[in-house]
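The values are calculated or read from the model by the stated rules, or taken from the named source; none is laboratory data. All values derive from a computational prediction rather than experimental measurement. As a convention, Cβ positions derive from the backbone with ideal geometry for all residues, glycine included, and neighbour counts pool all protein chains shown.
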There are 2 protein chains.
Amino acid sequence: MTELDDTDRRILRALVADATQSASALGRRLGLSQPAVWRRIRRLRSEGVIAGQRLDLDRERLGFGVTVFLGVKLATKGRVSLDDFERAVSAIPEVQTVEHILGLFDYRLRVVARDIADFERVLRRRIMTLPGVGDVEANVLLSEERRPGPIG
Amino acid sequence: MTELDDTDRRILRALVADATQSASALGRRLGLSQPAVWRRIRRLRSEGVIAGQRLDLDRERLGFGVTVFLGVKLATKGRVSLDDFERAVSAIPEVQTVEHILGLFDYRLRVVARDIADFERVLRRRIMTLPGVGDVEANVLLSEERRPGPIG
DNA sequence: ACTGAAAGAACTACTCG
DNA sequence: CGAGTAGTTCTTTCAGT
């Protein structure tokens, strides 16, 4: 299926940290030519190892200073309930991430709001009215550190 | 501080959907010249609204098929305890995200592993040995949907 | 202050040896 | 795999509104 060598991993590690680096700059750092790096990146893209390229926005500077994680337990669980819930939650713009999980809760939502008052509005009018919602647990984000994670 | 107009927001919305779009392509879609778009993007970058541009990897294709969210409650809480915990957890490569939160738990960790057996190893040898760890709750990720989130 | 036109530099994406 | 290259994009300069 997909077999990566050490050079692939070094390229991925560099790009995960900063995707704006050019193939030629990477080549200089890794001791490779620009086409060599470019071909590897294209291969990793076509193989699906590189799934996409996302812009990282500072939500605080955009006026959304509050981020809350919600653990949601459904009252009724069945295929229809899950589909209904996911469809309804996808229509809420304040919901940034929808994670279907196994454990004490069924879903974990990442919700952003302008402030606590705005979050209460989202919670009461949007979240609590979702179809099949049972228990809800909230955790306010204080700070966050993202790490590259293992490559191979 | 940072005041965004409607054009900035349209640019951000387009780039969040697809960060690979060129300034000239964006200009055509928004009715602006290529330098005008490029200058705005550069300004948003320098202001920190655009925090970065990261590669989105398919962890499954990299051989890390298991993602688990861990809620961690510290047994002893104090500034030193938090610092110690954060420093120690940052040294674990399998930890992708460290979120300091307010609520039932003190931290949320996103941990990736090759399989369940590998996750057990990480949990027992890495996580449970962290300084000050009390209760730990685990949720296995089944599926995940990321949404653009609100811009303004 | 922000726009667009123009132009040079750098990069992408590809072909060929 | 690297050298070379056509086409594209980035980045700056300059002048207009």
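Structure notes:
- Filtering segment A:1-23 to residues that are assigned to a helix (DSSP H, G or I) and surrounded by 12 or more Cβ atoms within 10 Å (Cβ to Cβ) leaves A:THR7, A:ASP8, A:ARG9, A:ARG10, A:ILE11, A:LEU12, A:ARG13, A:ALA14, A:LEU15, A:VAL16, A:ALA17, A:ALA23.
- Odd one out for A:ARG13 among (1) under 23 Å from the mean Cα position of the chain (by Cα); (2) over 22 Å from B:ARG61 (Cβ atoms); (3) more than 16 Å from DNA strand C (Cβ to nearest atom): (2)
- Selection status of B:GLU60, within 16 Å of DNA strand D (Cβ to nearest atom), among the acidic types (Asp, Glu) and within 10 Å of chain A (Cβ to nearest Cβ): no
- Test for A:ILE92: is it within 12 Å of chain B (Cβ to nearest Cβ), of a type outside the set (Phe, Trp, Tyr) and under 30 Å from A:LEU30 (Cβ atoms): no
- Qualifying residue in segment B:70-80 (condition: more than 16 Å from DNA strand D (Cβ to nearest atom), at pLDDT 95 or above, in contact with a Leu (Cβ under 6 Å, 6 or more places away or on another chain) and not hydroxyl-bearing (Ser, Thr, Tyr)): yes
- Restricting B:ARG54, B:ARG108 to those that are touching an Asp or Glu at 6+ places or on another chain (Cβ under 8 Å), under 30 Å from A:ALA138 (Cβ atoms) and within 16 Å of DNA strand C (Cβ to nearest atom) reduces the list to B:ARG54.
- Checking each residue in segment B:39-54 for being hydrophobic (A, V, I, L, M, F, W, C) and either in contact (Cβ under 8 Å) with a residue 40 or more places away in the chain or more than 9 Å from DNA strand D (Cβ to nearest atom) (or both) picks out B:LEU44, B:VAL49, B:ILE50, B:ALA51.
- Residue selected from segment A:16-51 under the condition within 9 Å of DNA strand C (Cβ to nearest atom) and among the hydroxyl-bearing types (Ser, Thr, Tyr), by the criterion nearest to the chain's Cα centre (by Cα): A:THR20
- First in segment A:21-35 and in contact (Cβ under 8 Å) with a residue 24 or more places away in the chain, second anywhere and in a helix (DSSP H, G or I) and more than 9 Å from DNA strand C (Cβ to nearest atom), Cβ under 8 Å, 6 or more apart: A:LEU32/A:THR7
- Strands (runs of 3 or more DSSP E) within segment A:52-151 that include 3 or more residues more than 20 Å from the chain's Cα centre (by Cα) and outside the structural domain of A:LEU15 (by TED's automatic domain parsing): A:133-146
- The residues on offer are B:ASP135, B:ASP118, and the sole one that is more than 7 Å from every other protein chain (Cβ to nearest Cβ) and in contact with a Lys or Arg (Cβ under 7 Å, 6 or more places away or on another chain) is B:ASP135.
- Residue within segment B:31-38 that is more than 15 Å from DNA strand D (Cβ to nearest atom), away from chain A (no Cβ under 12 Å) and either of a type in the set (Phe, Trp, Tyr) or surrounded by 14 or more Cβ atoms within 10 Å (Cβ to Cβ) (or both) present: no
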